Every structure is written in structure tokens, then in C-alpha cells.
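Below is one structure, written out as C-alpha cells; the observations come after it.
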Amino acid sequence: MPLFDADKNELAVGQLIYDDVFDKNGRVDALGGDLAGEPHSGHVRVQFHDGDTMWRTCGHIHVRAQRSSPRRSSPAVAVRASADSGAPNTAPALEHAGAPAAPEPEPKRARVTLNNYFTSRTSSISRVESRGGGPSTLSASEGARASTSAAVMDLTMPELAAHERDRAAKVKPPSKGMGTNGKAKSNARETSVPITRRLLEFPDQSFVASAGVLFCKACKERLVNTTTQIKQHVNTKKHETALKKFQSSSDGDSTRAELLSEYFRVNPQVAQSTVPHDVQVFRMRVVEGCMQAGIALAKLDILRPVIERADKRLTDSSHLRSLYVPIIEEHEFTHIKEEVKDQHVAFIWDGTAREGDAQVMVIRWCTESFELEQRLCAFITLAVHADAKALAGFLFVRLCKELDIDPAMLIAAIRDSVAVNTAALSRITPMLTNSTDVLCVCHTFSNGGDKFEFEVLGDFMTNWYVLVCNQVRPRKLWEAMIGEPAKGFSNVRWWCRAEIQIQIAKSYNYLRPFVNKLVELEIGGASTTKMAAILADESKERRLCLEFAAMLDMEAFVSATYELEGDRLEILVAHSRITALREMGRRLSMEGAMPNLEAALRRAAMLGPGVIIKKGPFIGKVSCACVPSLRRRSGSPRRSTAVRPAPPCRDVSC
């Protein structure tokens, strides 16, 4: 039944009501102020259907609209109605005035609690409202309050993403030997043996005395001062692995301390030269860690209070950046020089094509154990795009001067086929006597794919990229239909457009229902309208289907691009992949070279005069397709078509 807020003047004895505090239905038993000695102004006495009777504030009472069908009124209602109208009372049994009528049966409803408030789609108020009859006449304010009270309770929680659902802490099952507090039981007791004696008994184990206890710096944990416990800890795999890492880190600290000492000796005027060496090494380690993790050094100002809990003091991020980044770069160059010494090296470089430039260079070599190694040796930004002369100078200086690589040990120059790279390499080729010029075949494949011309497919995909690839709701709808994640669009990643088109081609049967659903839900606006117009045009839709089928036949071209795009041993499969693609290109004019396109053509073909057909060894041309006779074969009707042998075709491309 519809609900609206009650007023004392609107209530009558026997009126059906709903209490929003106790979530109960009942009837009005008496009105406040009508009984002698009971003022109760602004209250009504309510007898609930479960038998409870109590005085309730009118503000918590909602009147239930009466059903449109006639209903027997209680004697109390008749008495009050007669008194209000001045008509004589003809109701029998006046001694029962004020007694409520028998309550109508109501289904038991669950109370709205905090546990079910957000999980129930329909609150108890909504269920009471849905069982009501015809609506009563409400004022504007009463209608607004009624709609608000019902709408507030009709709530649901949104569906959480996977990472939100996985945020609960993982609890491991209890294991044997665990105490009631979740910690392992231990009966070991500390001995009175001095910590200094333990350090002499177990040298080179990274043990130290810290605050009067024995501490393992490698494992970062406190040890019990007993011989048995210490021996057990030393013999664990955990300690052995941690000790090796600790010793390696200690050796690295010595190297960094020497590097910093040499730097400040040569540059005594540099700030922070008087800082202790252990603090300098700590700061350098922090900067290195942030650079390896890709954390901006400016965030160290936020993390500084936490990092300084290691009893080492940091400084402002601007000082850390200006001092330690050049030192770290010099240290890395020294390390790379040692690695590539006497190694045959290949160098790969590339740059952006925008105003300004970012040049990147990587070197690769194969170790004596046949392991491929590669290092980033250059990443610089330029004010303007580099020409061939400047690029050649950058390559030669970085390789042969700064990294000290013998030009005779440079055996391969790997690049894409942009003109400036070709001109730059030609300038330094006379000095690289053993170098081979290697072009990036993936760039060649990508440039070849850009030559594909599909008129209708291009118009259709332009709207698809705008709508499905950039808006969440259409993408989720498409993923729900095809049952797999939608391919994403990127202006940088090669062949992303072909991947999207191939995915649509494989799910072409869902394309029209998907666009119709977008139109029905009014999603996409002009983009949806343009795609729907293409699908509504029979000739364009037929051509779109054929172009999607042609792209599906080019899937081998796309897969070869990704198979040859890598940094390992792709050269071992390069010849076979390129040979297969060249063979596919030679066979394009032959039957069976593009099976998906041919199947789409057969399905869309219409028999008519002049159409050439082939069945087995017989090739003919349709002379007439209007013969009305029908022949039945295996119970199915078949249309007769007059066919005569076709003359030899003079079109070479046919």
C-alpha cells in the first residue's frame, strides 16, 4: 500500500498504519487527548498486529491507504464517523466502541538491520508499499516525503573489482607447536654467556651486539643466546641465503665508499663533502633503490620519516638528486665497461619523431656460457630533432669513447629504416669494419600493413575506436557478448588496430546485436548512429563483412610481427616466418589463399545471368536463373538454373 506521513487530524480509530521505527503494521487504538486523564498530545495508541499495544509519536506513523474494494468497518470507526458528521448513530453494540477490529493477516517480514540494509534490493518499506491498493490523494510535500522515504531504503552495493575483493588479510592455518597467542612455543632460556663471547665463537656470521642482545644483521632478527639455538640458525637455508646477500651488499658498500671518497677528493668544494661515509653510502643506496623501482626522487621527502628510522639521516630530495645521480651514472658506466670488455657487441638505437628528441641506445652481447646480456647505455633528451651528422657523433662518442669499446668489436647495428638513421650509420660505417647493418623487420611489416585499403571498414572502425575503445560501458557490453576481454587501442603499439579488427571478425555474428543494443540503450550518440547506418545499408554491410574476412586472413601477418618483435633468439625463426609470408603473397591470386574471404563471398553470392560457377571439374556461366520449375532431391526443394560452359576469361587478375 502507498504510505505517507501521518498527521493527528488525519488519523482515526481503526486506521491502518505503519511504524517506521519498529517496522510493524497495526491499527490506531486511541487518539491522544481523547481519553480522560490521558493528554498524550501528538501521540496515538497503536495496537500492532503482533499483539503489542503502545503510545507512539505521530511523526513515526505512516498512514496506509485503504484498499479500493469495500471493507467492513469496525464499530469504533462507525461511532467516530457518526459523531463527526452529526448523523444519528445506528451502529449496534456500542459497548464495544474503541475495540479494534480483528487484525488482517500480514506476512512476517525481516527487520531492516545494518547487516541487510545494503544487501537487500527491496527494503521492508518497499515491500509494504508494493502490497498497497490504489493511491490516496497526497499534497506536494507529502508526496515528496513519501518518495524520499521509499527511495532511501531501496539501495544496493556496487560490484567490487577483483583487487578490492582480495584486500582481506590472508590467514594461515594453525600449525603444530603453536601457542594460544598464535606464536611458536619455545622453551629456550637465555644463558649468562656474554654476547662478546658469542661473537668470537661465530665469526663472519653478521652477528652483532644490539641493546644487550644477539642480533643477526643478515636475517634482521634477534637470536636466543644459547649455543643450540645459534647453531640451528646458522645451519638454516634462510640464513645462508641472507648471509650471501649481506656479504655482497657489504662489498658493494665498500666500492661505493671508495667511489664517494674519490669524488669528494677531486671535488672538495661540493656540498655535503663533510658528511660521514656510512651516511653517504646509505643515501646513495636509497637513491639507487628509488631509481631501480621507478620511484620519483621527489617522493623521498614524504618517505623520509620512515627511511630515517634506520638510524641514518637523509637530506632534501633536490640535494640527493643533484649529488648522487651523476655519481650513480658514472658507477654504472664503470660497471658496463668491465662487462663488455673483450666482448663482441651489437648496438640498437631509436628515437622519437616529434619536435625535440629522445634518443635511446641498448647494447647486447653473448657471454661465454651462451647467455644473452643487454644494458641500457644511453637515454638523452634533445632540444631539437637530431640530424644525421649529430646522431652519428652521438653514437660514436658514446660507444667508442665513453664505453671504451673497440670499433672492431662492434659487429651489428640494429635500427629501423627511417632516413635519418640510415644517413647517420653511413657516416660511421667506414670505422665499423666488422659491423652488419640489420633493419627491424617488424617496422617493415607494420609499414606494409598501413597499405591495406578498406573503405567501409575504415569508416566503421573510426567510430568503433571512439566508442568501444574509449568508453567503459560499451566495452563491458561487448566483452559480455563475446566472452573475452576487448582488445585495447594504442597509437604506439604495432598492429593494435589489426588485432581489434580480427577480434570483431571472429565474433561477427554478435556485431549487429551489439550495435542494436547500443541504439536501444541510447549509448554512443553519433558514433552508434553511424555504425548502425552502415549495418542497415545492405551493400555496405556486405562489403564490411568481406573486408573483415580479408583482415582475418591476414592474421598470420600480424602474428609474425609479434613473433619477430623481441630481444632473445628471434633470429632463429626470422627466415622461416619471412619466407612463409612471401609465399602467402605469391599465392594471393590463387584459389584457397584467403579461405575466410572466399567463404564470405560464397555466402553472399547471388545466382544470376553471367555469374561463373564451379563444381568439381565443371566450370560454367549462368545463362538464366528464372526457370520456375522445382526439383526435389532428398525431400528438399532445389531451384533449377540453366548453365552453359563459360568461355575462357581474358582477365589475367581473375
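The values are calculated or read from the model by the stated rules, or taken from the named source; none is laboratory data. These numbers come from a predicted model, not from an experiment. Here the Cβ is made from the backbone with ideal geometry for all residues, glycine too, and neighbour counts use every protein chain on show. Calculation scope for accessible area: heavy atoms of the full protein, side chains included, ligands and nucleic acids excluded. Shrake-Rupley method; radii C 1.70, N 1.55, O 1.52, S 1.80 Å.
Listed highest first by mean packing, meaning other Cβ atoms within 10 Å per residue, what order do 568-577, 427-436 come in? It would help to have the intermediate numbers written out before the result.
Values: 568-577: 11.4, 427-436: 14.2.
Ranked from most to least packed, the peptides come out as 427-436, 568-577.
Using each residue's phi in the stretch 241-257, evaluate 6.51 cos²θ - 1.76 cosθ + 1.60 at θ = phi - 60° and report the 3J(HN,Hα) Karplus result to the nearest Hz, with x for Gly and Pro.
Listing the rounded values in order: 5, 5, 5, 5, 5, 5, 5, 5, 5, 5, 4, x, 5, 5, 5, 5, 5 Hz.
May I ask you to give the solvent-accessible area per residue for the stretch 491-575, in square angstrom, as obtained with a 1.4 angstrom probe? Mind showing how you got there, number by number?
Working: 4580 Å² over 85 residues.
Roughly 54 Å² per residue, with all protein chains present.
Which lysines, on any chain, are close to Lys244 with Cα under 23 Å apart, when same-chain ones fewer than 8 places away are left out?
Filter leaves Lys217, Lys220, Lys231.
Quick one: which residues, 5 or more positions from Asp20 or on another chain, have an amide H under 5 Å from its amide H? H modelled 1.01 Å from N in the peptide plane, none for Pro or chain starts.
Sorted by chain and number, the residues that satisfy this are His62.
Using a Förster distance of 51 angstrom, determine the FRET efficiency expected from the C-beta separation of Lys237 and Phe452, and round it to 0.05. Please list the in-between numbers first.
On the way: r = 57 Å, r/R0 = 1.12.
Efficiency, rounded to the nearest 0.05: 0.35.
Return, for the Cα atoms of the stretch 196-316, the radius of gyration and Dmax in Å, separated by a comma.
Cα radius of gyration and Dmax of the stretch 196-316 are 17.5, 54 Å respectively.
Taking 0.36 nm per intervening residue step and subtracting the Cα-Cα distance, what contour gain separates Val418 from His385 on full extension?
Difference between extended and current length: 10.6 nm.
At 0.36 nm per residue, minus the direct Cα-Cα distance, what do Lys621 and Asn470 gain on full extension? Give it in nm, one decimal, please. Don't skip to the end; give the middle numbers.
Details: separation 151, 0.36 × 151 = 54.36 nm, distance 4.89 nm.
Here the answer is 49.5 nm.
Simple spin-label model, 7 Å along Cα-to-Cβ: Ser426 to Glu258 in nm?
4.8
Using a basic spin-label model with each label point 7 Å from the Cα along Cα→Cβ, how many nm lie between Ile482 and Thr196?
A separation of 7.5 nm, rounded to one decimal place.
Compute the FRET efficiency between Met157 and Tyr510 as 1/(1 + (r/R0)^6), taking r as their Cβ-Cβ distance and R0 = 35 Å, and round to the nearest 0.05.
Details: r = 30 Å, r/R0 = 0.86.
It comes out at approximately 0.70.
Kindly provide the Kirkwood hydrodynamic radius of the stretch 421-475 in Å, to one decimal, from all pairs of distinct alpha carbon atoms. Can you show the working numbers first?
Numbers: mean 1/r = 0.0654 Å⁻¹.
Radius from the Kirkwood sum: 15.3 Å.
Report the paramagnetic label zone for Ile523: residues of the stretch 452-489 whose backbone N is under 11 Å from a point 7 Å from Cα along the Cα-to-Cβ axis.
Correct set: 468-469, 471-481.
Of the accessible area of the stretch 314-402, with the probe set at 1.4 angstrom, what percent is carbon plus sulfur?
Values: 2700 of 4950 Å².
C and S fraction of accessible area: 54 percent.
What's the long-distance tail for the stretch 451-542, i.e. % of Cα pairs beyond 23 Å? Mind showing how you got there, number by number?
Details: 708 of 4186 pairs.
Summing the P(r) tail past 23 Å for the stretch 451-542 gives 17 percent.
³J(HN,Hα) across the stretch 384-393 via Karplus (A = 6.51, B = -1.76, C = 1.60, θ = phi - 60°), whole Hz, x for Gly/Pro?
Using θ = phi - 60°, the values come out as 9, 5, 6, 8, 5, 5, 5, 5, 5, x Hz.
How would you order 285-292, 588-595 from highest to lowest mean count of nearby Cβ atoms within 10 Å? Walk me through the numbers on the way to the answer.
Working: 285-292: 16.1, 588-595: 11.4.
In descending order of packing, they fall as 285-292, 588-595.
Taking 0.36 nm per residue of separation and subtracting the Cα-Cα distance, what length does fully extending Ile302 through Ser490 add? Write out the running numbers ahead of the final one.
On the way: separation 188, 0.36 × 188 = 67.68 nm, distance 3.39 nm.
Residue separation times 0.36 nm, minus the Cα-Cα distance, leaves 64.3 nm.
In straight Cα distance, which lysines are under 23 Å from Lys24, not counting same-chain residues fewer than 8 positions off?
Lys8, Lys108
What distance in nm lies between label points placed 7 Å from Cα along the C-beta direction at Ser318 and His335?
2.9
Could you list the square roots of 5 times each eigenvalue of the Cα gyration tensor of the stretch 386-512, that is, the equivalent ellipsoid semi-axes, sorted largest first and rounded to whole Å? Display every interim value, and only then the final one.
On the way: eigenvalues 408, 44, 33 Å².
Semi-axis lengths for the stretch 386-512 are 45, 15, 13 Å.
Among 532-545, 14-27, what's the highest-first ranking by average C-beta atoms within 10 angstrom per residue?
Numbers: 532-545: 15.4, 14-27: 19.4.
My ranking of the peptides, most packed first, is 14-27, 532-545.
Quick one: net charge around Leu544, please, counting Lys, Arg +1 and Asp, Glu -1 for every other residue with C-beta under 12 Å from its C-beta. Display every interim value, and only then the final one.
Numbers: positive: Arg512, Lys540, Arg542, Arg543; negative: Glu455, Asp459, Asp537, Glu538, Glu541, Glu547.
Residues near Leu544 contribute -2 overall.
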